[in-house]
1. Determine which member of the set Gly38, Gly32, Gly24 is surrounded by 14 or more Cβ atoms within 10 Å (Cβ to Cβ), modelled with pLDDT under 95 and under 21 Å from the mean Cα position of the chain (by Cα).
2. Within region 237-263, can you find the residues that are touching a strand residue (DSSP E or B) at 6+ places or on another chain (Cβ under 6 Å) and under 17 Å from Ala305 (Cα atoms)?
3. Identify all residues within region 124-150 that are aromatic (Phe, Trp, Tyr) and under 18 Å from Asp176 (Cα atoms); write none if there are none.
4. Would you confirm whether or not region 158-172 contains a residue that is crowded, with 22+ Cβ neighbours inside 10 Å, of a type in the set (A, V, I, L, M, F, W, C), in contact (Cβ under 8 Å) with a residue 24 or more places away in the chain and over 30 Å from Pro250 (Cα atoms)?
5. With farther than 30 Å from Val121 by Cβ and among the polar types (S, T, N, Q) as the only criterion, which of Asn308, Asn232, Asn205 stands out?
6. In this structure, does Ala207 turn out to be modelled with pLDDT of 95 or more, part of a helix (DSSP H, G or I) and surrounded by 21 or more Cβ atoms within 10 Å (Cβ to Cβ)?
7. Would you call Ser93 surrounded by 22 or more Cβ atoms within 10 Å (Cβ to Cβ), in contact (Cβ under 8 Å) with a residue 60 or more places away in the chain and under 24 Å from Phe60 (Cβ atoms)?
Amino acid sequence: MSETIDFSKPPEGSLFEPVASPRGLRLALVFGNESPTGRCPFYNIQCIHCDLGAGEGVSFTPEMNRHRLEFLKQHYKEILPKVGHLVIYNYGSTLNDKELSRETRHNILEFVAGLSSVKRVSFDSREQFVTADRISEMLEYLRADQSLSITLGLESQSEEVRIGHLKKSITRDEVDAVFTALAGHGRRTAVEMNVLFQPPGITGNEAITEAVATIEYGIRMMQKHDVLVDFNFHPYYPSIKGTKFFPDHPRAMMEHAIRSLFMIIRLIKQQSPESRIFVGWNDEGHDLQPTVKKMKQLLYSPAFAAFNVSQDEDDLQI
């Protein structure tokens, strides 16, 4: 007799612990992908640095995700009253109705609206699913003191890197359209722009220069559209797909990452003091060098954890 799998509980790598962040205690909640394959539609054709789009091996239904939500409520019941920032993932685009139904999104938003401590909720999505109508609809479910952020996996401002190396077909015009869709809601909307540090094809000082240029690009978009931009800074690690296409590209040098963060936080404070940057380490178990990762975390995690709260370069001193 085959064992029945309980999909209400996320896989171990996707059951995150809360972490301190610039926007309060941050908690990532992972739901199942409701596409026919249970995967991100771009998984086999784009984003060759990333294994996250593989999903959980099954196509979820809204009913399955209702059970997932109930599990998460119970699992995090002690911590939820302290959370200030919720991040919603589904291994793909949470604003694509074919990957996460309106019913599921609405259930999540109603849950978020009932959490008095939560001031921001972030939904991860590809750019083409971020429309003005969808943003307005989602805001209706939230309290007036809550903001809605779209996590945008830009990774790099360079189209040579983003489209050429990473095979992530996001153009600058499409990024502009995301900001246009979010504009006009005061400060109830924001973009959280992912920055991949030392992406394939770039190392050393070039990686530092590229990371700073990506932050500069995000700030320009904020100033153009009057939509707040925060940044998620992720050092590159070798995944299955990344190693297949770039077998000789090394994991990010943390010394170089820190040098870039010194430059970035100074830039933010000078040009966009409302913006924040969050250094993320989570890889959902896809890092092919877990022992190396653990060693790096032991050395650098305390500094990054302190920096994520303080946004003070002094905390980056190792």
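The values are calculated or read from the model by the stated rules, or taken from the named source; none is laboratory data. Everything quoted here is computed from the prediction, not taken from an experiment. In this analysis, Cβ positions are derived from the backbone assuming ideal geometry, glycine residues included, and neighbour counts consider all displayed protein chains.
1. Gly38
2. Ala257
3. Phe129
4. no
5. Asn205
6. Yes: the conditions hold for Ala207.
7. In short, no.
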